[in-house]
Amino acid sequence: MTNPVGTGKAKIILFASLALLVLLQGRLWLSDDGWSEVVRLRAGVATQEAENSEHAQRNNRLQAEVSDLKNGNAALEERARADLGMIGPGESFFLWSPTTASTEIQAK
């Protein structure tokens, strides 16, 4: 014959194990700091990595520009022309203004 006490303890242990498993799985899937938090953090990491990549590309461009400005005159002349409106020797400066053309049309 079987021992009724042994089967009762086995059922209690089995029930307790299943209850603990359900409790842990419920916390994993349904709580605020469970699986949904993992998904949110992964999305945040992906966004941050994309932003870091853009910043790294920008830093590389700026480093190349700094290197050009330190070592070459062409980049320096280009910056002087664009930012300061400077012209080189033997060059002429022409400024085309759309407001001049519209006043000439109105005067006729």
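Read-outs throughout are calculated quantities, based only on the coordinates presented, and are distinct from any laboratory measurement. As the structure is a prediction and not an experimental result, all values here were calculated from the model.
So I have [x] 116; [y] 97; [z] 244, and one of them is volume of the Cα convex hull per residue in Å³ calculated from this model. Which one is it?
Computed from the coordinates, volume of the Cα convex hull per residue in Å³ corresponds to [z].
Using θ = phi - 60° and the Karplus form 6.51 cos²θ - 1.76 cosθ + 1.60, what ³J(HN,Hα) does each residue of the stretch 22-33 get, whole Hz, x for Gly and Pro?
With the stated coefficients, the stretch 22-33 comes to 5, 4, 5, 5, x, 5, 5, 8, 10, 7, 5, 9 Hz.
Taking only the alpha-carbon atoms of the stretch 1-62, what semi-axes of the equivalent ellipsoid follow from 5 times the gyration tensor eigenvalues under a square root, in whole Å, largest first?
After scaling each eigenvalue by five and taking roots: 54, 10, 5 Å.
Comparing S67, S31, S97, which has the greatest mean-square fluctuation in the GNM of the chain with Cα pairs linked when under 10 Å apart?
S97
What is the gain in length, in nm to one decimal, between L41 and K9 on full extension, counting 0.36 nm per residue of separation less the C-alpha to C-alpha distance?
Numbers: separation 32, 0.36 × 32 = 11.52 nm, distance 4.28 nm.
Length gained between L41 and K9: 7.2 nm.
Compare L21, L95, L62 in a GNM of the chain, Cα atoms joined below 10 Å, and give the one with the largest fluctuation.
Of L21, L95, L62, the most mobile in the Gaussian network model is L95.
Calculate for the chain the 222 nm mean residue ellipticity that helices alone would give, adding -39,500 (n - 2.57) per DSSP H run of length 4 or more and normalising by residue count, nearest 500 deg cm²/dmol.
Numbers: 4 runs with 86 residues, N = 108.
Here the helix-only value at 222 nm equals -27500 deg cm²/dmol.
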